[in-house]
Amino acid sequence: GDVDRHPQGPIEVWYSAEREVLQLQHGRVAGAVGLTTEWRDVALPVLPSWSELARGGRVFRWTRTSDVMPGYRYGVKDALSLRVVPVPKSSALQGLDSQRLTWFEERVEPGPVAGLSAVPGDGMGADAQLPPARYAVDFRDGREIVVYGEQCLAPELCFTWQRWPAQALGKK
(Lines give C-alpha, C1' and ligand atoms only; values in the text may rest on other atoms or scores of the structure.)
Protein backbone atom coordinates (compact mmCIF):
# COMPACT_ATOMS: atom_id res chain seq x y z
CA GLY A 1 0.00 0.00 0.00
CA ASP A 2 2.71 2.50 0.92
CA VAL A 3 6.35 2.86 1.88
CA ASP A 4 7.20 5.04 4.88
CA ARG A 5 10.65 6.53 5.23
CA HIS A 6 12.57 5.60 8.36
CA PRO A 7 16.19 6.25 9.37
CA GLN A 8 16.83 2.49 9.60
CA GLY A 9 15.34 1.72 6.20
CA PRO A 10 11.96 1.90 4.49
CA ILE A 11 8.87 0.46 6.17
CA GLU A 12 6.48 -1.26 3.78
CA VAL A 13 2.84 -0.75 4.77
CA TRP A 14 0.38 -3.42 3.66
CA TYR A 15 -3.41 -3.05 3.92
CA SER A 16 -6.06 -5.78 3.82
CA ALA A 17 -9.68 -5.51 2.77
CA GLU A 18 -10.59 -6.11 6.45
CA ARG A 19 -8.74 -2.91 7.51
CA GLU A 20 -5.75 -4.78 8.89
CA VAL A 21 -2.42 -3.02 8.54
CA LEU A 22 0.93 -4.77 8.52
CA GLN A 23 4.24 -2.93 8.51
CA LEU A 24 7.45 -4.69 7.45
CA GLN A 25 10.99 -3.37 7.75
CA HIS A 26 13.70 -5.48 6.11
CA GLY A 27 11.20 -8.36 6.18
CA ARG A 28 10.43 -8.14 9.91
CA VAL A 29 7.12 -7.07 11.44
CA ALA A 30 7.50 -3.44 12.48
CA GLY A 31 3.81 -3.01 13.36
CA ALA A 32 0.43 -4.70 13.03
CA VAL A 33 -3.02 -3.30 13.81
CA GLY A 34 -6.56 -4.50 13.18
CA LEU A 35 -5.74 -8.11 14.10
CA THR A 36 -6.76 -10.06 17.20
CA THR A 37 -3.26 -9.31 18.54
CA GLU A 38 -1.64 -6.01 17.66
CA TRP A 39 1.98 -4.91 17.83
CA ARG A 40 2.14 -1.14 18.17
CA ASP A 41 5.17 1.10 18.51
CA VAL A 42 7.61 -1.67 17.58
CA ALA A 43 11.23 -0.61 18.09
CA LEU A 44 13.76 -2.55 16.06
CA PRO A 45 17.40 -1.70 16.75
CA VAL A 46 19.92 -1.05 14.01
CA LEU A 47 20.62 -4.58 12.81
CA PRO A 48 23.33 -5.92 10.52
CA SER A 49 22.28 -6.47 6.93
CA TRP A 50 21.02 -9.93 5.99
CA SER A 51 24.21 -10.49 3.97
CA GLU A 52 26.39 -9.66 7.02
CA LEU A 53 24.35 -12.06 9.11
CA ALA A 54 24.69 -14.79 6.49
CA ARG A 55 28.47 -14.31 6.24
CA GLY A 56 28.88 -14.21 10.03
CA GLY A 57 27.86 -17.85 10.39
CA ARG A 58 26.97 -17.46 14.06
CA VAL A 59 23.94 -16.68 16.21
CA PHE A 60 23.13 -12.97 16.41
CA ARG A 61 21.29 -11.81 19.52
CA TRP A 62 19.16 -8.69 19.72
CA THR A 63 16.13 -7.19 21.51
CA ARG A 64 12.78 -6.07 20.09
CA THR A 65 10.53 -3.72 22.07
CA SER A 66 6.82 -3.31 21.38
CA ASP A 67 3.44 -2.43 22.82
CA VAL A 68 1.08 -5.40 22.55
CA MET A 69 -2.71 -5.36 22.50
CA PRO A 70 -5.10 -6.57 23.88
CA GLY A 71 -4.30 -5.88 27.50
CA TYR A 72 -2.07 -2.95 26.61
CA ARG A 73 1.23 -4.52 27.53
CA TYR A 74 3.68 -1.74 26.83
CA GLY A 75 7.42 -1.80 26.58
CA VAL A 76 7.45 -5.58 26.04
CA LYS A 77 11.04 -6.66 25.40
CA ASP A 78 11.72 -9.88 23.52
CA ALA A 79 15.26 -11.25 23.49
CA LEU A 80 15.78 -12.81 20.07
CA SER A 81 18.40 -15.00 18.45
CA LEU A 82 18.84 -15.13 14.69
CA ARG A 83 20.80 -17.65 12.65
CA VAL A 84 21.13 -19.10 9.18
CA VAL A 85 19.35 -22.45 8.88
CA PRO A 86 19.14 -25.15 6.21
CA VAL A 87 16.37 -24.94 3.65
CA PRO A 88 13.21 -26.09 5.46
CA LYS A 89 11.57 -29.33 4.44
CA SER A 90 8.24 -27.53 4.21
CA SER A 91 7.08 -23.95 3.84
CA ALA A 92 4.32 -22.03 2.08
CA LEU A 93 6.82 -20.59 -0.46
CA GLN A 94 5.39 -20.65 -3.99
CA GLY A 95 6.89 -20.03 -7.41
CA LEU A 96 10.48 -19.65 -6.20
CA ASP A 97 13.22 -22.25 -5.78
CA SER A 98 13.75 -22.53 -2.02
CA GLN A 99 17.24 -23.93 -2.66
CA ARG A 100 18.34 -20.63 -4.24
CA LEU A 101 17.40 -18.64 -1.14
CA THR A 102 19.20 -18.20 2.17
CA TRP A 103 17.01 -19.09 5.12
CA PHE A 104 17.09 -17.56 8.59
CA GLU A 105 15.35 -18.52 11.81
CA GLU A 106 14.64 -16.04 14.57
CA ARG A 107 13.71 -17.39 18.00
CA VAL A 108 12.39 -15.66 21.08
CA GLU A 109 14.71 -16.69 23.88
CA PRO A 110 12.95 -18.37 26.81
CA GLY A 111 12.36 -16.41 29.97
CA PRO A 112 9.88 -13.96 31.38
CA VAL A 113 8.63 -11.20 29.12
CA ALA A 114 9.85 -7.79 30.20
CA GLY A 115 7.48 -4.86 30.05
CA LEU A 116 4.43 -3.53 31.79
CA SER A 117 0.80 -4.51 31.59
CA ALA A 118 -2.03 -2.06 32.08
CA VAL A 119 -4.14 -4.96 33.33
CA PRO A 120 -2.42 -6.45 36.40
CA GLY A 121 -2.54 -10.21 36.45
CA ASP A 122 -4.01 -10.50 32.96
CA GLY A 123 -1.57 -13.35 32.31
CA MET A 124 -1.52 -12.60 28.60
CA GLY A 125 1.81 -13.14 26.97
CA ALA A 126 3.80 -13.41 30.17
CA ASP A 127 4.47 -17.13 29.74
CA ALA A 128 3.51 -17.54 26.08
CA GLN A 129 6.41 -18.46 23.85
CA LEU A 130 6.17 -17.42 20.21
CA PRO A 131 7.11 -20.00 17.60
CA PRO A 132 10.27 -19.19 15.62
CA ALA A 133 10.03 -16.77 12.71
CA ARG A 134 11.60 -17.74 9.37
CA TYR A 135 12.81 -15.53 6.55
CA ALA A 136 14.01 -16.40 3.05
CA VAL A 137 16.40 -13.91 1.47
CA ASP A 138 17.39 -13.72 -2.19
CA PHE A 139 21.03 -12.64 -2.62
CA ARG A 140 21.27 -13.18 -6.39
CA ASP A 141 22.83 -10.49 -8.56
CA GLY A 142 24.18 -8.57 -5.56
CA ARG A 143 20.69 -7.92 -4.21
CA GLU A 144 19.36 -8.52 -0.72
CA ILE A 145 15.61 -9.03 -0.87
CA VAL A 146 13.54 -10.75 1.80
CA VAL A 147 11.07 -12.61 -0.41
CA TYR A 148 9.25 -14.73 2.18
CA GLY A 149 8.53 -14.66 5.89
CA GLU A 150 6.71 -16.60 8.59
CA GLN A 151 6.01 -14.90 11.89
CA CYS A 152 3.66 -15.09 14.85
CA LEU A 153 2.28 -12.10 16.72
CA ALA A 154 0.86 -14.44 19.37
CA PRO A 155 1.02 -18.22 19.78
CA GLU A 156 -2.40 -18.51 18.09
CA LEU A 157 -1.84 -15.80 15.43
CA CYS A 158 0.74 -16.78 12.83
CA PHE A 159 0.98 -15.85 9.18
CA THR A 160 3.19 -16.17 6.14
CA TRP A 161 3.83 -13.55 3.50
CA GLN A 162 5.56 -13.62 0.15
CA ARG A 163 6.47 -11.09 -2.50
CA TRP A 164 4.94 -11.61 -5.90
CA PRO A 165 7.53 -13.18 -8.23
CA ALA A 166 8.03 -9.87 -10.13
CA GLN A 167 8.79 -8.09 -6.84
CA ALA A 168 11.09 -10.90 -5.75
CA LEU A 169 13.05 -10.52 -8.98
CA GLY A 170 13.34 -6.76 -8.52
CA LYS A 171 10.99 -5.93 -11.41
CA LYS A 172 8.22 -3.38 -11.28
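The values are calculated or read from the model by the stated rules, or taken from the named source; none is laboratory data. Note that this is a predicted model, so its numbers are computed, not measured. Virtual Cβ from ideal backbone geometry, glycine too; neighbours counted across all protein chains shown. Only protein heavy atoms, including side chains, enter the accessible area calculation; ligands, DNA and RNA are left aside. Shrake-Rupley method; radii C 1.70, N 1.55, O 1.52, S 1.80 Å.
Residues in the stretch 54-69 that are touching a Lys or Arg at 6+ places or on another chain (Cβ under 8 Å) and under 18 Å from A133 (Cα atoms): 8 in all.
Looking across the stretch 41-55, the residues that are closer than 21 Å to A154 by Cα and surrounded by 14 or more Cβ atoms within 10 Å (Cβ to Cβ) come down to V42, L44.
Every listed requirement among (1) under 15 Å from T65 (Cβ atoms); (2) loosely packed, with under 13 Cβ neighbours inside 10 Å is met by R28 save one, (2).
Within the stretch 89-101, identify whether any single residue is under 19 Å from P155 (Cα atoms), under 18 Å from the mean Cα position of the chain (by Cα) and either of a type outside the set (A, V, I, L, M, F, W, C) or open to solvent by less than 70 Å² (accessible area, probe 1.4 Å) (or both), and answer yes or no. Before you say what the answer is, go through the steps one by one.
Pass one, the stretch 89-101, residues under 19 Å from P155 (Cα atoms): 91-92.
Narrowing the set further to residues that are under 18 Å from the mean Cα position of the chain (by Cα) leaves 91-92.
Those left that are additionally either of a type outside the set (A, V, I, L, M, F, W, C) or open to solvent by less than 70 Å² (accessible area, probe 1.4 Å) (or both): 91-92.
Within the stretch 89-101 (the criterion being under 19 Å from P155 (Cα atoms), under 18 Å from the mean Cα position of the chain (by Cα) and either of a type outside the set (A, V, I, L, M, F, W, C) or open to solvent by less than 70 Å² (accessible area, probe 1.4 Å) (or both)), the answer is yes, since at least one residue qualifies.
Check whether at least one residue in the stretch 135-144 is within 18 Å of the chain's Cα centre (by Cα), surrounded by fewer than 18 Cβ atoms within 10 Å (Cβ to Cβ) and modelled with pLDDT of 90 or more, and report yes or no. Yes.
Would you call R58 among the charged types (D, E, K, R), at positive phi and loosely packed, with under 13 Cβ neighbours inside 10 Å?
no
Just to confirm my filter: which strands (runs of 3 or more DSSP E) fall fully inside the stretch 1-109 and include at least 2 residues that are touching a Ser or Thr at 6+ places or on another chain (Cβ under 6 Å)? It would help to see each step written out before you state the result.
Working: elements: 2-4, 11-15, 21-25, 28-33, 38-43, 60-69, 73-85, 102-108.
Correct list: 38-43, 73-85.
Looking at this structure, is H6 within 21 Å of V147 (Cβ to Cβ) and surrounded by 13 or more Cβ atoms within 10 Å (Cβ to Cβ)? In short, no. Contact map, the stretch 73-85: residues that are within 10 Å of T63 (Cβ to Cβ) paired with residues that are loosely packed, with under 15 Cβ neighbours inside 10 Å and not hydroxyl-bearing (S, T, Y), Cβ distance under 6 Å, separation 6+ or inter-chain. Pairs shown: K77/A114; A79/E109.
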